[in-house]
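Inspection log for the structure reproduced underneath, given as structure tokens.
The values are calculated or read from the model by the stated rules, or taken from the named source; none is laboratory data. If you're wondering where the values come from, they're calculated on a predicted model, not measured in any experiment. Here the Cβ positions follow ideal geometry from the backbone for every residue, glycine too, while neighbour counts run over all protein chains shown. Note: accessible area is taken over every heavy atom of the protein model, side chains too, but ligands, DNA and RNA are not part of it. Shrake-Rupley method; radii C 1.70, N 1.55, O 1.52, S 1.80 Å.
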Amino acid sequence: MEEFMRHYEEVYPQMYRTALYYMRNQQEAEDAVQDAVLTAYEKFHQLRDKEKFAPWIMQILVNRCRRRMKTWFRREEDIQDLPLSRERELSQEADFAMGSAVKQVFWELKEEERLIVALSVFGGYTSQEIAAMLNQNHSTIRSRYRRALQKMRNKLEV
């Protein structure tokens with residue numbers, strides 16, 4: 001239990017950020033992380049190399065997010081539905097418009113492209129680690145990552 005908790009505490013912030021950007025909903029992200037942690041805890045004894053805990057649990061998280069995405073219909077948060085205090089807070093942020101544009105472009109990527117970008121940018125994983133998580137070739141992940149970033153760049157420049 002202590003060993004699991006030590007590993008989990010190191011990777012939790014990355015898990016939450018990845019789930020949040022993947023699910024686009026705080027409650028769903030928290031639920032996905034909780035599901036992944038429960039599954040990982042139950043199967044922790046099966047993990048042979050404890051040094052590979054982070055990629056292993058991230059793979060579980062990705063699978064949980066994908067399952068949730070299949071059954072859950074995402075709804076874009078409407079700016080008109082925001083409480084007045086939150087609206088004021090957002091309007092005071094200097095780069096709210098740019099952040100909003102980046103998020104919009106991010107969500108226009110294909111699911112796999114979003115996942116690769118999220119794992120790399122928000123999770124801090126290398127292309128080799130992402131390739132292992134997704135059971136794909138390392139060079140394929142690098143190419144898809146570069147193409148996804150280029151797509152985002154092109155859309156933001158318009």
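For S127, state whether it is in contact with a Lys or Arg (Cβ under 6 Å, 6 or more places away or on another chain) and surrounded by 15 or more Cβ atoms within 10 Å (Cβ to Cβ). Judged against the criteria, S127 is a match.
Checking the structure you have, find out if any residue of the stretch 10-26 is open to solvent by less than 80 Å² (accessible area, probe 1.4 Å) and more than 16 Å from A118 (Cα to Cα). No: the stretch 10-26 contains no residue that is open to solvent by less than 80 Å² (accessible area, probe 1.4 Å) and more than 16 Å from A118 (Cα to Cα). Residues that are touching a Ser or Thr at 6+ places or on another chain (Cβ under 7 Å) and assigned to a loop (DSSP other than H, G, I, E, B) within the stretch 104-158 comprise just one, G123. Against the conditions (1) modelled with pLDDT under 85; (2) open to solvent by 80 Å² or more (accessible area, probe 1.4 Å); (3) in a loop (DSSP other than H, G, I, E, B), R74 satisfies every one except (2).
Results for (1) within 12 Å of the chain's Cα centre (by Cα); (2) within 19 Å of Y16 (Cβ to Cβ), shown as yes or no for each residue.
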| residue | (1), (2) |
| --- | --- |
| F106 | yes, yes |
| E111 | yes, no |
| A131 | no, no |
| L134 | no, no |
